[in-house]
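Remarks on the structure that follows.
The values are calculated or read from the model by the stated rules, or taken from the named source; none is laboratory data. Keep in mind the model is a prediction, meaning the values are calculated, not measured. So basically every Cβ, Gly included, is an ideal-geometry build from the backbone, and we count neighbours across all protein chains shown. Keep in mind that these areas ignore ligands, DNA and RNA; they rest on the heavy atoms of the full protein, side chains included. Shrake-Rupley method; radii C 1.70, N 1.55, O 1.52, S 1.80 Å.
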Amino acid sequence: MTMLPYSELVMEHFRHPRNVGRIEDADAKSVEGSPACGDMVAVYLKVDPEELRITDIKFESYGCASNIATGSIITELAKGKTLEEARQITWKQASEALGGLPPIKTHCSVLAVDGLRAAIQNYEERHGLVKERVPTTVEEVRRRLKHVMNPVVGLDLVRTKLVKDIEVAEGTVRVVLDLPADHQFANAIREDIREKIEPLWDVNELIVEFTE
Amino acid sequence: MLGKLVYLDNAATTRLDERVLEAMTPYFLETYAVATSEFGYSAGIEAREALQEARSTIAGVLGASPEELIFTSGSTESSNMALKGVAMALGEKKGRHIITSRIEDFPVLNSARALEKQGFRVTTLDVDAEGLVDLNQLKDAITGETILVSIQHANQEIGTVQDIAAIGQICREKGVLLHSDATHTFTRVPLDVREVGVDLLTIAAHTIHGPRGIGGLYVRKGTPIAKWMDGGFQEFNLRAGLENIPGAVGFARAVQLVTPEETTRLQALRDRLIDRVLSEIPHTTLNGHRWQRLPQNANVTFHFVEGESITLHLDMRGFAVSTGSACFSRSLEASHVILAIGGDHERAHGSVRFTFGRFNTMEDVDSVVDAVAEIVTLLRQISPLGKE
């Protein structure tokens, strides 16, 4: 057998991913990533409302082997855990449980971990469990923009230095991108930013500006 | 691995033909002397004659004379030599403007970028949805400063073949040199330099079952080009270095072994794959021109799934193919070609390239289509996309 960049465990999860599919009556769900920009993961949860414990979890993946394998392992790690415990699962733990992932594939695999956390947050928002509402900051906007891909290269906006400026003031978030407005991906990127920023509780308006 | 490898990545490189190896062997073991002048010793004269014969054979296929063919280490070097050699020769005298296209392979793209850093201006032409260069845009882009147009004969990924005769005519009328990267068309899509106004042409041996490490650059007589490699007087004093005689002999043998019948057979494999995939697997898009394309290339996007996942599954079943997905590439960048034809990341993400060669059969095509159909169904079951 030739040397593949993936461990035996990654290949096993890639070939036979666990907990694949949808939960039609899910208590919470999340979608991270987007088709225009690359990898995408959807996570569905069933939660026991008494114990706040994950009783069932399923995922779907539009991505490469490390994306699929991480989605698979993350559902195995999270199943049966409380929301609080599941939230603590890190990319590193997922990677270790898979016998290691190639560093260059971090982006594709971290998406599954983000998906799990987003699904937990979705549950808490839906069930009024968000304790304190933290005001949105420039840092929070930047953190979220790290999950929006630059489709030209398939890496995120922040890493590819497309984000020129971020302003947050009185419910208005202004994002300036170093990209011409008539760029072929301008609209796709704007929509992805909207998806990430508008759900923030204190954001009333989002302005995405392009440079000439 | 299960059974034998079905190799469908012949655009990347091909398996050497045994007959090529057989032709080369004596030049490693017996006639290994350096090519000498006609006043040298007999082994050297024999080596020199072998080199001349190889040069004549290869040049002949292009309708060129032997002195117009420079041997290089491969197509990467040939394209570097064409762009940088002309830039060096004409940059001071005529101008510093070069025109190329968005879908060129990396040797041309990155040579142009390197020249840009040295102060040359580069215009990069767009292509249409099928990968064809807009001839009017080309006409408009040529100025008095333009020294070279470099547009490929056919695309390495999507297989679209440019109307190089029309491009040559435009360049002729405007008095501008034309270079074309013919790595993927050489011997497969005939091109005669007596009929087509191309001044420099990149060719390689390893894409036609010849050895790697040898390629060629056709340089039309009288074309201004600077000496590319300093050293001795080899290759008409344009490219110094010990001649790769076994390579040249192998290259010539590989050229002789390509027949029109074979090319027709490869085209039948291509058409079978395209027809079956498009009719049997839903949500598929052919990338590149349906007819104006390389006889040995098929490139299809399987929507809602990712290319590296497809290639890994295919690898487990013994098939070698490549994809334009960012996840597959060393740079993690999606195919610049698919993006240039107006595709988005998703289109590049799910694109798979199948390229055929001498050792492929119709059974290979049928078995890879069957395998791909199963794999794509499997991956779509786990994909969040494409479900209503």
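Only Cα pairs within less than 10 Å get springs; with that Gaussian network setup on chain B, which residue of B:S150, B:S37, B:S335 has the largest fluctuation?
B:S37
When you look at the Cβ of every residue in A:56-66, what mean number of other chain Cβ atoms sits within 10 Å?
Whole-number average of other-chain Cβ neighbours for A:56-66 is 6.
From the square roots a ≥ b ≥ c of the eigenvalues of the alpha-carbon gyration tensor of the protein assembly as shown, which class results: rounded (a/c under 1.5), prolate (a/b over b/c), or oblate?
prolate
Please list the radius of gyration and Dmax for chain B, considering alpha-carbon atoms only, with Å as the unit.
Over chain B's Cα set, Rg and Dmax evaluate to 21.7, 79 Å.
Can you tell which of A:G171, A:G128, A:G21 shows the greatest fluctuation in a Gaussian network model of chain A with Cα springs below 10 Å?
It is A:G128.
Along the Cα→Cβ direction, 7 angstrom out, place labels at B:I45 and B:E30. What is the inter-label distance in nm?
For the pair B:I45/B:E30, the computed spacing is 1.8 nm.
Accessible area, 1.4 Å probe, largest first: how do B:R347, B:R270 sort?
B:R347, B:R270
Rounded to the nearest 5, what % of DSSP beta bridges with both residues in the range A:8-126 are antiparallel?
95
For chain A, report the translational diffusion coefficient in µm²/s to the nearest whole number, using Stokes-Einstein at 4 °C, 1.567 mPa s, and a Kirkwood Rh over Cα pairs.
72
Angle between the Cα long axis of helix B:307-316 and the longest principal axis of chain B, 0 to 90 degrees, nearest 10?
Computed tilt is about 90 degrees.
Report the FRET efficiency, 1/(1 + (r/R0)^6), for A:T90 and B:D315, where r is their Cβ-Cβ distance and R0 is 22 Å, rounded to 0.05.
For R0 = 22 Å, the calculated efficiency reads 0.15.
For a quick check of understanding: with a 1.4 angstrom probe and all protein chains in place, what accessible area in square angstrom does B:F359 have, to the nearest ten?
90
To test your reading of the geometry: what angle, between 0 and 90 degrees and rounded to tens, separates the Cα axis of helix B:245-257 from the longest principal axis of chain B?
Here the helix axis deviates by roughly 50 degrees.
Calculate, in nm to one decimal, what A:E50 and A:V203 gain on full extension: separation in residues at 0.36 nm each, minus their alpha carbon distance.
This chain segment gains 51.9 nm when fully extended.
Run the dipole for chain B about the Cα centre, Lys and Arg Cβ at +1, Asp and Glu Cβ at -1, nothing else charged, and hand back the magnitude in debye, nearest 20.
With Lys and Arg at +1 and Asp and Glu at -1, about 640 debye.
Over all directions, what mean area does the Cα convex hull of the range B:31-257 project, stated in square nanometres?
Taking a quarter of the hull surface, the average projection is 12.0 nm².
Tell me, in nm to one decimal, what length is gained between B:K4 and B:M229 on full extension, where the rule is 0.36 nm per residue of separation less the Cα-Cα distance?
76.8 nm
Report the antiparallel proportion of the DSSP beta bridges in chain A as a percent, rounded to a multiple of 5.
Given both bridge residues lie in chain A, the antiparallel proportion sits at roughly 75 percent.
Check the range A:8-126 and count each lysine pair with an alpha-carbon distance under 24 angstrom, considering only pairs eight or more places apart or from different chains.
So the count works out to 15.
At 1.4 Å probe size, with the rest of the protein present, what percent of the exposed accessible area of the range A:8-126 is carbon and sulfur atoms?
50
What accessible area per residue, rounded to a whole number of Å², is obtained for the range B:153-243 using a probe radius of 1.4 Å?
Value returned for the range B:153-243: 36 Å² of accessible area per residue.
Using a simple spin-label model with points 7 Å from Cα along the Cα→Cβ vector, what separation in nm is obtained for A:D182 and A:K81?
5.0
Express in whole angstrom the spacing between the alpha-carbon centres of the range B:236-289 and the range A:59-102.
Here the answer is 43 Å between Cα centres.
GNM, chain B, Cα, under 10 Å: largest mean-square fluctuation among B:E346, B:E306, B:E374?
B:E374
In whole Å, what three semi-axes, largest first, describe the equivalent ellipsoid of the range A:13-119 built from its Cα gyration tensor (square root of 5 times each eigenvalue)?
21, 15, 12
Within chain B, how many Lys pairs sit with Cα atoms under 24 Å apart, leaving out pairs fewer than 8 places apart on the same chain?
20
I'm a student and want to see the number: the projected area of the Cα convex hull of the range B:263-388, averaged over all directions, in nm².
Averaged projected hull area, Cα only: 7.8 nm².
Tell me the relative contact order for the range B:117-271 as a rounded percent, counting alpha carbon contacts under 8 Å between residues six or more apart.
Taking the mean separation of contacting Cα pairs over the length of the range B:117-271, I get 15 percent.
Which residues belonging to the range A:85-113 lose at least 50 Å² of 1.4 Å-probe accessible area when the assembly is complete, relative to their chain isolated?
A:I104
Can you give the log10 of the normalised intensity I(q)/I(0) at q = 0.21 Å⁻¹, computed with Debye over equal Cα scatterers of the range A:138-210?
-0.84
Amide H of B:D9: which non-local residues (sequence gap of 5 or more, or other chain) have their own amide H closer than 5 Å, using H built in the peptide plane?
B:T355
Counting only helical runs of four or more DSSP H residues, what would the 222 nm mean residue ellipticity of chain B come to if each run contributes -39,500 (n - 2.57) and the total is spread over all its residues?
Theoretical 222 nm ellipticity from helices: -12500 deg cm²/dmol.
B:T143: accessible area at probe 1.4 Å, nearest 10 Å²?
Only protein atoms counted, so the area is about 60 Å².
What quantity of accessible surface, computed with a 1.4 Å probe and excluding non-protein components, is buried in total between chains A and B, in Å² to the nearest 100?
So the total buried area for this chain pair works out to about 2500 Å².
Quickly work out the A:K164-to-B:R272 label distance, labels modelled 7 Å from Cα along the C-beta direction, and quote it in nm with one decimal.
5.5
Taking H as built 1.01 Å from N, whose amide H comes closer than 5 Å to the amide H of B:T323, not counting residues under 5 places away?
Answer set, sorted by chain and number: B:R353.
Please give the contour-minus-distance gain from B:Q169 to B:N136: 0.36 nm per residue of separation, less the Cα-Cα distance, rounded to one decimal in nm.
Result: 10.6 nm gained on full extension.
For the range B:211-250, just run the numbers: alpha carbon Rg, then divide by 2.2 N^0.38 Å, N being how many residues it has.
So the Cα radius of gyration is 1.24 times the expected 2.2 N^0.38 Å.
Using the crude model of +1 on Lys and Arg Cβ and -1 on Asp and Glu Cβ, and no other charge, please compute the dipole size for the range B:31-257 relative to its Cα centre, in debye to 20.
The calculated dipole for the range B:31-257 is roughly 440 debye.
Can you list the residues, at least 5 places off or on another chain, whose amide H is less than 5 Å from the amide H of B:R293, using H built in the peptide plane?
For B:R293, the qualifying residues are B:V161.
How well do other chains shield peptide B:349-355, expressed as the mean number of their Cβ atoms within 10 Å of each residue Cβ?
Per residue, the average neighbour count from other chains is 2.
Of B:M316, B:M229, A:M11, B:M88, which has the most accessible area and how do the rest follow, probe 1.4 Å?
B:M88, B:M229, B:M316, A:M11
Give me the one-decimal Kirkwood hydrodynamic radius in Å for the range B:4-78, with the sum taken over alpha-carbon pairs.
The Cα-based Kirkwood calculation yields 14.7 Å.
Could you run the Karplus curve 6.51 cos²θ - 1.76 cosθ + 1.60 with θ = phi - 60° over the range B:179-193 and give me ³J(HN,Hα) per residue in whole Hz, x for Gly and Pro?
Residue by residue, the range B:179-193 yields 10, 9, 8, 10, 3, 9, 9, 3, 6, 8, 10, x, 9, 10, 5 Hz.
Quick check: Cα centre of the range B:66-83 to Cα centre of the range B:116-194, how many Å?
17
Considering only the protein assembly as shown, what is the antiparallel percent among its DSSP beta bridges, to the nearest 5?
In the protein assembly as shown, DSSP labels about 65 percent of beta bridges as antiparallel.
Binned at 10 Å from 0, what are the whole-percent values of the Cα-Cα distance distribution for the range A:74-196, short to long?
The percentages, shortest bin first, are 11, 34, 34, 19, 2.
Using alpha carbons only, how many degrees (0 to 90, rounded to 10) separate the axis of helix B:75-90 from the longest principal axis of chain B?
Compared with the principal axis, the helix lies near 50 degrees.
Measuring with a 1.4 Å probe in the full set of protein chains, what accessible area per residue, in whole Å², belongs to chain A?
48
Treat every Asp and Glu Cβ in the range A:95-152 as -1 and every Lys and Arg Cβ as +1, leave all other atoms uncharged, and give the resulting dipole magnitude about the Cα centre to the nearest 20 debye.
140
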